[in-house]
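In what follows, a structure is listed as structure tokens, so that the remarks can point back to it.
The values are calculated or read from the model by the stated rules, or taken from the named source; none is laboratory data. Please read all numbers here as calculations on a predicted model, not as lab measurements. A quick note on method: Cβ atoms are made from the backbone with ideal geometry, for glycine too, and the neighbour counts reach across all protein chains shown. Keep in mind that these areas ignore ligands, DNA and RNA; they rest on the heavy atoms of the full protein, side chains included. Shrake-Rupley method; radii C 1.70, N 1.55, O 1.52, S 1.80 Å.
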2 protein chains.
Amino acid sequence: MSAFIAVDWGTTNRRAYRIEDGKVVATERDDRGAASVAVGEYEAEVTGIRARLGDLPMLLAGMVGSNIGWRSVPYVAVPAGLAAVAGALDRIDDHTAIVPGLSYRDGLHADVMRGEEVQLLGAVAAGLVPPDALLCQPGTHCKWATVESGAIVRFTTAMTGELFALLRAHGVLSRQLGHRVEPGGAFLEGVTEGARRDLAASLFAIRARGVLGIADDAHAASFASGLLIGADIAARIERGATVHILADAALGALYASAIDALGGTARHIDSQAAFVAGITRIQDLAA
Amino acid sequence: MSAFIAVDWGTTNRRAYRIEDGKVVATERDDRGAASVAVGEYEAEVTGIRARLGDLPMLLAGMVGSNIGWRSVPYVAVPAGLAAVAGALDRIDDHTAIVPGLSYRDGLHADVMRGEEVQLLGAVAAGLVPPDALLCQPGTHCKWATVESGAIVRFTTAMTGELFALLRAHGVLSRQLGHRVEPGGAFLEGVTEGARRDLAASLFAIRARGVLGIADDAHAASFASGLLIGADIAARIERGATVHILADAALGALYASAIDALGGTARHIDSQAAFVAGITRIQDLAA
């Protein structure tokens, strides 16, 4: 029997799992993300997790391995599969290691991820997506990864969620964007407009439509969300593409309806199952 | 001899001119923009301007005619030339009037301007641009106007400057964008990247290039500015297009170099001369 503890240690939140033979037998979730933990506190945090979930080997993934985390772990350059990730673990001690993130570079363009690689590659390892696929992890920084023969060969991060949050909190549109984002007509109108890929102008039109009284501000947030998500998707897929989405239900449903509207097909993947499969495979490979 | 006072009354700043026979004979500029003046204070403000510049008829243009100004003046729908604008003045009393803004609507898309119409149409009236032309007024909300036979037939506002300001002040890129924007290599690299019209991803790449140490953060603001300006221009012009720019020297030079890089030709127009010509023509038409 193989038992270990996996921690998905993000910027804001942290989720820890006790995994036995590939199955989660205990879990905890809290807000002790890397942004809330000082460098000197990680050892005590890890001791605390072991006290609660068991004195077991431990793999830590995510922002814990960044310059705002415990220590900065070098990125593994793509193409990379789980074996490359497992081969580059940063060992803190003989039963604690940090999973490295991935980097991508193509001329001027560059990209990085930390933590998402476990879910993305885990989805492939678990057979939840085929070995050649396009995966999308929506969020503040939406990750799009192209997998070939089970390895991530390139990826793109779009700060779609962050742009929405900035516009909602600050600037000329903020007064109009306070309502909840809902799927439906206004969202899909935004998707169509977003596919024109002219964000700076399409965003100002939200203000103009409000000023002219030709759109109800109650729908402005949904339209703006559709606009940003539509622009993101339109830059990433051709008609007929299949996109494997790893997301919570609400955001996943928005991305799926936008992908559908732009001529693609969306498939929902269980992101927790993908994480558990990925981290278990890394643990097996590193053992 | 015709003498009058023209006020270009924006959100933040205000500029007043005493104009005689189409020439500026006195001017003043201050920060008593519409955002700083309460509704009940406009009468006293106008009395103050007359005390300094002369007891003359007065035309007020810009945000003074908005819901944050003296009173909200209905927009004139395009196509519209100076005669349509002059015919829709909002008369406060027999020697004081507010110039209306313009609105544009095309299906879902809508746009508005207040104040820029005087410069844009004035540039045509003064013969500074041909009667069929594409005009660009860069800024927080960059205005692009298509003029046919001397009238604005459609226009687009891109919140290019506002997006840059938001990203510089807040969010994940803010730490990288503190340097001055300079023309040159990094700006032009940004323009090229911006022409791909994939803002949300191109912006995140600024962070990735910083994290990976493959770009100096000293150039990040110039690159980001080029990115946003490049995306704006690429959405607006085809190769070979001529753009008439009304802007201050620094921002005008950035737009001109980006237009040049994207295969267009930029011509600089004296925006104050355009304003004076436009407002004088409105005064003549309304007399």
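Among B:T160, B:T242, B:T265, B:T156, which is the only one that is more than 14 Å from chain A (Cβ to nearest Cβ) and closer than 29 Å to A:I206 by Cα?
After ruling out the rest, the residue left standing is B:T242.
Is it the case that A:D260 is of a type outside the set (A, V, I, L, M, F, W, C), open to solvent by 40 Å² or more (accessible area, probe 1.4 Å) and at pLDDT below 95?
Criteria not met by A:D260.
Of the residues that sit in the stretch A:172-209 and are open to solvent by 40 Å² or more (accessible area, probe 1.4 Å) and within 17 Å of A:L262 (Cα to Cα), which one is farthest from the other protein chains (Cβ to nearest Cβ)?
Going through the qualifying residues, I end up with A:P183.
Among the residues of the stretch A:221-239, is any in contact (Cβ under 8 Å) with a residue 60 or more places away in the chain, under 25 Å from A:G81 (Cβ atoms) and either in contact with a Lys or Arg (Cβ under 7 Å, 6 or more places away or on another chain) or buried (at least 17 other Cβ atoms within 10 Å of the Cβ) (or both)?
Scanning the stretch A:221-239 turns up at least one residue that is in contact (Cβ under 8 Å) with a residue 60 or more places away in the chain, under 25 Å from A:G81 (Cβ atoms) and either in contact with a Lys or Arg (Cβ under 7 Å, 6 or more places away or on another chain) or buried (at least 17 other Cβ atoms within 10 Å of the Cβ) (or both).
Conditions tested, residue by residue: (1) loosely packed, with under 13 Cβ neighbours inside 10 Å; (2) more than 19 Å from the chain's Cα centre (by Cα); (3) of a type in the set (K, R).
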{"residue": "B:K23", "(1), (2), (3)": "yes, yes, yes"}
{"residue": "B:A26", "(1), (2), (3)": "no, yes, no"}
{"residue": "B:A38", "(1), (2), (3)": "yes, yes, no"}
{"residue": "B:I49", "(1), (2), (3)": "no, yes, no"}
{"residue": "B:L82", "(1), (2), (3)": "no, no, no"}
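Where residues in the stretch B:102-116 are touching a residue at least 40 places away in the same chain (Cβ under 8 Å) and either surrounded by 22 or more Cβ atoms within 10 Å (Cβ to Cβ) or not in a strand (DSSP E or B) (or both), which of them is farthest from the other protein chains (Cβ to nearest Cβ)?
In this case the residue turns out to be B:G115.
For B:G54, state whether it is under 30 Å from B:T156 (Cα atoms), among the small types (G, A, S) and open to solvent by less than 60 Å² (accessible area, probe 1.4 Å).
No; evaluated as a whole, the condition is false for this residue.
Would the stretch A:123-136 turn up any residue that is open to solvent by less than 30 Å² (accessible area, probe 1.4 Å), in contact with an Asp or Glu (Cβ under 8 Å, 6 or more places away or on another chain) and in a strand (DSSP E or B)?
no
Residue check: is A:A169 within 14 Å of another protein chain (Cβ to nearest Cβ), open to solvent by 50 Å² or more (accessible area, probe 1.4 Å) and without any contact (Cβ under 8 Å) to a residue 24 or more places away in the chain?
yes
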